[in-house]
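Notes for the one structure printed next.
Each reported figure results from applying straightforward, stated rules to the coordinates on display, with no laboratory input. All values reported here derive from a predicted model rather than from experimental measurement. No Cβ is skipped: glycine too gets one built from the backbone with ideal geometry, and neighbour counts run over all protein chains shown.
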Amino acid sequence: MKIIHCADLHLDSKMETNLSLIKAHERKIEILHTFERMVDYAAEHAVNAIIIAGDMFDTSRVMNSTKNRVLNTIKKYPQIDFLYLSGNHDESNFIAMLDEVPANLKIFGESWTSYDYTGVTISGVVLSSSNRKTIYDTLRLSNDHLNIVVMHGQIGQYDAKDQAEVINLNQLKHKHIDYLALGHIHSYTQGKLDQRGTYCYAGCLEGRGFDECGAKGFVLLDTAGGVIKSKFIPFAARQMIELPFDITPYADWFAIEDQILARTKVFPDRDLIRVVLQGKYKMSMEKHLGMLEQKLDRFYCVKVKDDSVLDVTEADVAHDISLRGEFVRQVLQSDLSAEAKEQTILVGLRALSGEDL
C-alpha cells in the first residue's frame with residue numbers, strides 16, 4: 001500500500017506580506033495547483049490514500065472556487081482515499097458545507113476514528129480543549145497491524161494555558177504506533193517515537209514566507225514487506241530562500257554587491273529570495289539597498305533586509321575636529337539605546353552631507 005502524508009496546505013492564504021497584489025494572487029492559485037499536482041502524482045504512482053494532517057485551508061473565509069476545486073480534485077480520483085483531519089486554521093467546516101460527501105473523503109473527529117486497509121490501520125483525532133488530557137488513554141491499536149496515527153499540533157508539554165494542540169509524545173509511546181503523521185510544523189521533521197515507531201511532520205507543500213525556507217513537499221509511505229518505508233518528496237513550485245551575508249570584511253559596497261550576485265547565481269529565477277545583511281560596517285560605507293534589489297530582480301520576489309550595525313566608537317572620532325566628529329561624539333555619549341544611536345548618526349550624517357532624508 002502506498003500513502004501520501006501531507007499537511008499545512010493553507011489554501012487561500014493572502015500571500016500579500018512579501019508580494020504585490022498581482023503576484024500574491026498568482027501564488028494563491030499556484031499553491032492550490034500544487035495540491036492538484038500532488039494528487040495527480042498520487043494517481044500516477046498508484047497511491048491508495050492521501051493523509052491531510054490539518055490546515056488544508058488558511059482561514060474561515062475560503063473562496064467557493066477554492067472549495068470547489070478541492071472537491072472536484074477529490075472526486076476526480078475515486079480510487080484514492082482522502083483522510084482529512086482539520087487543524088487550528090481550518091475554522092470553517094469544509095465537510096458541513098458539502099451537499100454530499102464523496103465516498104473517498106474520510107474525516108477524523110474529536111474521538112479516535114480508524115480506517116482499516118489490508119494489514120494497515122490509519123487512526124486519527126482532532127485535539128480540543130475537552131479531549132486533550134484524556135485522548136491518549138482511549139487509543140487502542142492492534143499489535144498485529146501496521147498502525148499510522150494522524151494528529152495536528154506542537155510536540156511539547158501542557159502548561160497552565162488552555163493549549164489544545166499540544167502533542168505529548170511520551171503518552172503515545174508503546175501503543176503499537178508505526179508512523180505518527182503530524183501537521184502544524186511547516187518544515188519536514190522526522191524522529192524516533194519509540195523502539196517500534198517514528199513521528200514525522202511532513203511540513204507544508206509550499207513556503208509562503210521567509211520563515212518557511214527550504215525544500216517543501218510531502219512524504220511518500222510504502223507498506224510493502226510489512227514495514228513502513230518513508231521518503232520525503234520535494235514538490236514546491238517555488239522555494240523560499242534566505243541568504244545571510246556578513247558585510248564586516250568589506251569596506252566597499254560594490255564588492256558586497258558583487259559577492260552577493262555571485263552567491264545567488266546558483267538559485268533558479270523562479271524562487272523567492274531574501275538577502276539578510278549582517279555584521280558591522282564603518283561610517284564611510286554608503287549602502288545602496290534599492291540598487292541591490294534591482295540587480296536581483298530576476299527572482300520572482302527579492303527582499304534585502306539590513307540587520308548590520310554601525311561600527312563606530314568615540315576613539316574613531318576622537319581626533320575629528322569637524323562638525324561631523326563633534327556630532328558623532330555627542331550622540332555616542334548620549335543616553336539613547338544602541339539602535340537609536342545608530343539611526344541618529346546615520347540620519348545626521350546624511351543631513352550634514354546635504355542628502356535627502
Intensity falloff of the chain expressed as log10 I(q)/I(0), Debye formula with alpha-carbon point scatterers, at q = 0.07 Å⁻¹: -0.43
Unit Cα scatterers, Debye sum, segment 5-55: log10 I(q)/I(0) for q = 0.17 Å⁻¹: -0.59
Selected from Leu205, Leu296, Leu182 as most flexible by GNM, with the chain as the system and alpha-carbon contacts under 10 Å: Leu296
Surrounding net charge for His145, when Lys and Arg each add one and Asp and Glu each subtract one, Cβ distance under 14 Å: 0
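What is the diffusion coefficient of segment 212-278 in µm²/s, taking the Kirkwood radius over Cα pairs and the Stokes-Einstein relation at 20 °C with a viscosity of 1.002 mPa s?
D, rounded to a whole number, is 145 µm²/s.
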Residue among His145, His176, His288 with the largest mean-square fluctuation in a Gaussian network model of the chain, springs linking Cα atoms under 10 Å: His288
Packing-based order for 50-57, 1-8, using average beta carbon neighbours within 10 Å, highest first: 50-57, 1-8
Alpha-carbon spread of segment 240-352, three principal axes, descending order, Å: 50, 24, 22
Among beta bridges that DSSP assigns inside the chain, antiparallel share in %, nearest 5: 30
Cα lying deepest toward the dipole's positive end in the chain, options Phe57, His45, Ile107, charges on Cβ: His45
Dipole axis of the chain (+1 Lys, Arg; -1 Asp, Glu on Cβ), positive-most option in Phe245, Leu11, Ile122: Ile122
The chain: DSSP helices with Cα axial extent of at least 20 Å and average Kyte-Doolittle hydropathy no lower than -0.5: 21-44, 338-352
Relative pair counts by distance (%), Cα atoms of segment 1-91, 5 Å bins: 3, 13, 23, 25, 18, 10, 5, 2, 0
Debye intensity ratio I(q)/I(0), log10, segment 191-230, q values 0.20 Å⁻¹ (C-alpha model): -0.74
Estimated dipole of the chain in Debye, rounded to 20 [Cβ of Lys and Arg +1, of Asp and Glu -1, Cα centre]: 1020
Cα-derived Rg over Rh, computed across segment 153-241 with Rh taken as Kirkwood radius: 1.02
Under 21 Å from the Cα of Lys173 - lysines, other chains or at least 8 residues apart: Lys133, Lys192, Lys229
